[in-house]
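Beneath this line is the structure, given in structure tokens, with notes to follow.
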Amino acid sequence: MPFPIKQSLRKYFIMGSQNCKRNPVEILAEATEAGITAFQFREKGDGCLAGEARLELGKQLRAICKRSDIPFIVNDDVELANILDADGIHVGQDDLPVETLRKIFPDKWIGLSVSNACELANSPIDLVDYIGAGPIFNTTTKLDAKTTVGLEWITTLRKQFPELPIVGIGGISIENATSVIKAGADGVSVISAITAASDIKEAIKLL
Ligand SMILES: Cc1ncc(COP(=O)(O)OP(=O)(O)O)c(N)n1
Ligand SMILES: Cc1ncsc1CCOP(=O)(O)O
Ligand SMILES: [Mg+2]
């Protein structure tokens, strides 16, 4: 993995076509020009693409990340991560276990969502490359999001794991992003702060 992980987590954009009011390929191209540091393809939820259409979009988004030299992470789907030659995969607590994933992908980044102390106790942190901590604030983007955990969750994780790459997620905006970093995260991961922005480049600059 040629990318420095903590720097890559700094402005981590997550998106699928279901999050976009216009062409996702154009949105990602603008976002990379504006300085996002990593991208996660998350084609999931109401109105998302499936089958060939999903794969075709994935290929186009993957090509943009390659051109822009930023990591391309696939959400949940091992087969898609393989086909698209992703740099990493992001999974949650109900997805494929990290122990299995690490055997399949010895060299790809594995990101794991950790939302509370119970999940943390059951997570093989030594096998993951980074943690997605949240939802930090209220979000309407993910309908089945867990209970909002607040900035305290970042502080707690950082105290326990001084060196672990941590990215905050959930309801992160231009206005509150700094508080997530001050709490100890290496970066912010956002969907709507970018996809719903009237000026994507300005939003990324302000983030
Ligand atoms: C960076 C990052 N953090 C958390 C998540 C959420 O993953 P998960 O809990 O598996 O939920 P879905 O995204 O699969 O709905 C994420 N995707 N990225
Ligand atoms: C995928 C995900 N996981 C936890 S909250 C969330 C959605 C984040 O979207 P937004 O940045 O629009 O709140
Ligand atoms: Mg998942």
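Nothing in this text is a laboratory measurement; each read-out follows from the coordinates by a stated rule. Because the structure is a prediction, the values reported are computed rather than measured. Here the Cβ is made from the backbone with ideal geometry for all residues, glycine too, and neighbour counts use every protein chain on show.
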Query raised in the report: Mind checking Rg over Rh on segment 66-130, alpha carbons, Kirkwood formula for Rh?
Result: 0.98
Query raised in the report: From the phi of every residue in segment 18-29, what ³J(HN,Hα) in whole Hz does the Karplus formula 6.51 cos²θ - 1.76 cosθ + 1.60 yield, where θ is phi - 60° and glycine or proline is x?
Result: 5, 8, 10, 8, 9, 3, x, 5, 5, 4, 5, 4
Query raised in the report: Looking only at LEU112, LEU49, LEU143, which one moves most when the chain is put into a Gaussian network model with springs between Cα atoms under 10 Å?
Result: LEU143
**Report entry** Filtered GluC sites (Glu not before Pro), segment 90-168: DSSP coil and at most 14 other beta carbons within 10 Å
**Finding:** GLU163
Report task. Give me the percent of Cα-Cα pairs in segment 113-177 that sit more than 20 Å apart, rounded to a whole number. Result -> 24
Query raised in the report: Comparing ILE131, ILE64, ILE166, which has the greatest mean-square fluctuation in the GNM of the chain with Cα pairs linked when under 10 Å apart?
Result: ILE64
Query raised in the report: Say we join alpha carbon atoms closer than 10 Å with springs in a Gaussian network model of the chain; which of ASP85, ASP95, ASP46 then has the biggest fluctuation?
Result: ASP46
**Report entry** Distant alpha-carbon pairs in segment 18-85 (separation over 20 angstrom), percent
**Finding:** 22
Query raised in the report: How large is the dipole of the chain about the Cα centre if only Lys and Arg carry +1 and Asp and Glu carry -1, each at its Cβ, rounded to the nearest 20 debye?
Result: 420
Query raised in the report: Where Lys and Arg each count +1 and Asp and Glu each count -1, what net charge lies around GLU152 among other residues with Cβ under 12 Å from its Cβ?
Result: +2
Report summary line: Here, GLU56 and ALA145, labelled 7 Å along Cα→Cβ, have an inter-label distance in nm of 3.2
Query raised in the report: Counting every Cα pair in the chain, what percent are over 24 Å apart?
Result: 35
Query raised in the report: Which value in deg cm²/dmol, rounded to the nearest 500, describes the helix-derived mean residue ellipticity at 222 nm for the chain, given -39,500 (n - 2.57) per DSSP H run of n ≥ 4 and division by the residue count?
Result: -10000 deg cm²/dmol
